1. Suppose the filter is closer than 21 Å to F234 by Cα and crowded, with 16+ Cβ neighbours inside 10 Å; does A147 pass it?
2. If I go through region 158-192 residue by residue, how many of them are over 17 Å from G87 (Cβ atoms) and part of a loop (DSSP other than H, G, I, E, B)?
3. Of the residues P359, P421, which single one is under 26 Å from E562 (Cα atoms) and out of contact with any Leu (no Cβ under 8 Å at 6 or more places or on another chain)?
4. Tell me, please, whether a residue that is touching a helix residue (DSSP H, G or I) at 6+ places or on another chain (Cβ under 7 Å) and either modelled with pLDDT under 95 or within 18 Å of A617 (Cβ to Cβ) (or both) can be found in region 499-507.
5. Based on what the data block shows, is T321 surrounded by 24 or more Cβ atoms within 10 Å (Cβ to Cβ), closer than 17 Å to T347 by Cα, among the β-branched types (V, I, T) and touching a Pro at 6+ places or on another chain (Cβ under 8 Å)?
6. Can you name every residue in region 358-372 that is within 20 Å of P263 (Cβ to Cβ), surrounded by 14 or more Cβ atoms within 10 Å (Cβ to Cβ) and without any contact (Cβ under 8 Å) to a residue 40 or more places away in the chain?
7. Go through region 273-294 and count every residue that is within 28 Å of the chain's Cα centre (by Cα) and crowded, with 17+ Cβ neighbours inside 10 Å.
8. For region 514-573, give me the residue count where each residue is of a type outside the set (K, R) and assigned to a helix (DSSP H, G or I).
Amino acid sequence: MSEYKTIDVAATQMLDKAKEIGFLSTFDRAKAQEPRCTFGNTGICCRICLQGPCRILPKKPGGNKGVCGAADYTIVARNTVRYIAGGAAAHSDHGREIAETLLHTAEGKLKDYQVTDVNKLMYVAKNIGVETEGRDANAIAKDVANAALAEFGRIDEAEELTWLKSYAPENTLNIWRKTTVMPSGINLSLAKLLHQTHVGNDSDPVNIIFGGLKVALCDIDGQHLATDLSDILFGTGVPVVTEANLGAIKADKVNIAVHGHNPLLSQMVVKAAKGMQDEAKAAGATGINLVGICCTGNEVLMREGVAIATNFATQELAVMTGAMDAMVVDVQCIMPSLRSAAECFHTKIVTTSPIMKIPGSYHYAFDEHRAMDSAKEIIRLAIDAYKTRDKAKVSIPNITNKVVAGFSLEAMLNIFKKVNPDNPMRVIADAIEAGEIKGIAALIGCNNLKGTHDQNHTAIAQELAKNDVLLLAGGCSAQAHALAGMMNGEAVQQYAGEGLKKFYARLNAASGLTEDLPLMFHMGSCVDYSRMQVFVNMLAAEMGLDNSEVPYVVSAPEAMSEKAVAIGSWNVAYGNPTHVGVIAPTVGSQLVNDVVTKIAEDVFGGYFFWEPDAAKASARLIDILEERNWKNVMRKKARDAKAAN
Ligand code: BF8
Ligand code: SF4
């Protein structure tokens, strides 16, 4: 057993190397932070005004409230929804940048981008009510981009968010309307929530949580339009075969990692690299090798088949190989410590966003007007760095695993269509109704070194698969499975239960793919989770169920970021039972904790549960699926009996 908190053998090797050279990684820093402050851990520390920090000290006279009189439930609720605000701001700002680029592309202002996926454009346009008949692609794209941009600035509260309204089932929309969590504008909702939680404002925890849910719905809206518009610009993922883990970094090549979330530049890097192999050869390498980290990695994996180097917790370890020539980062989940890791080697850290700079690293301000030129300049920087690489410092773990990925919803439906051409969703509905599979689990979220890196991701996936649960995956969770060799057809034979194996055998026989389907369908980056929700919406419609009755669960075993809190919250509002493998900082208020883990179910059908133990979490997830199935059978019996009378 490794002395480090990771199950990844390649990561362990690089942590040994880090130790040898005296680099203190995030694994050391996580240890140094223990023990954590109980006030912060349970959410009862308030720093919203300068009279703070105020902590809840129940036994001290006057200490059971903050200086202003805020009780534990107010403080916990405010802290929680401010996480949601951070997450929704990040996702939606990402979406807004893509929308601007699509608009400028459609207006003919950008030479390096074009509408790549016209089918997706038509599908989105129709869904959101943009006229397509007899119009050219750029005119339609312009309207779609403008509709996306309109989501941000809308201030008329009577108007609803377009993407949300166009994709959510009527029943769900009505719940949101009744509970007044249906948003109109993203910026407005975010500003209102920050206002609502200012010192001396709302102290009603339930009202604060509902304000938070409204912003969580802005989060999925921003995510959804980001995915749709990225697909339009760069293409919608189709199945790809590649590899994952640090062995994807190659000693004889110029290695460039793309890391972060936004595909606008990384797509250009992939494109530019294809034409620059000779420049790398002239520098003595055998070519250019691109690898991905975190969600930018997922974006270029889905669309271009770029290999995965590693995920969030182990990003510094890609530098520790000594063979990483440049790491190009955009936004979100980029550790500031990458720069110090790079100092041990020749690696160039290249930041590209005006809101994500690291002191001492290279900054190439990304400009959509000269995206390709920027990509080429960055690649040349990497080639120059390669020339200074110290071969004596190179040690790359000889570990890679086969990955089958690229399952956009469209790609999945295409496979189901091979089995049932007229009604692809019936394929899943039949398997559930026949009891062949128990239901569906979405495996999502980050790494969190409060636990062991990737341990719970993989353990929960294995247990669910054994119990015939069909798995969807995204974000760093998907990467955990890929790194561990579980994202391929062999893993189905190794881990799946008999029912799931039978289901896969049917799909494989029909799919027409050269590779067997993998144990989990990698649906993309975290910004792409609307793909999973649309899948559930379609399945609910096919099975004649409300969303909150579908045997579907969500699990984020190692959630870490504010974005994860926002994602979890909209999942709950959508009716999805949502597991989080970290004890959330809501436990400092029994009331708030009960609202999000119990009462939420009565209102939305979805709820959170916190469970750091993988075995217990898996057992509960399976119980939930079984209970939903049982209720659906009972409902059907009651309906049939009524019809017979
Ligand atoms: O958006 S899973 S650590 S990389 S936040 Fe970040 Fe979490 Fe990874 Fe992607 Ni998502
Ligand atoms: Fe303390 Fe109230 Fe200020 Fe929070 S808002 S820091 S509880 S005085």
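1. Against the criterion (closer than 21 Å to F234 by Cα and crowded, with 16+ Cβ neighbours inside 10 Å), A147 qualifies.
2. Adding up the residues that qualify gives 10.
3. Values: P421 fails: under 26 Å from E562 (Cα atoms).
When all the criteria are applied, what remains is P359.
4. The answer is no; no qualifying residue exists.
5. Yes: the conditions hold for T321.
6. Matches in region 358-372: H363, Y364.
7. Here the count works out to 8.
8. Residues in region 514-573 being of a type outside the set (K, R) and assigned to a helix (DSSP H, G or I): 30 in total.
The values are calculated or read from the model by the stated rules, or taken from the named source; none is laboratory data. None of the values given here were measured: they were computed from a predicted structure. Glycine gets a Cβ as well: all are built from the backbone with ideal geometry, and neighbour counts include every protein chain shown.
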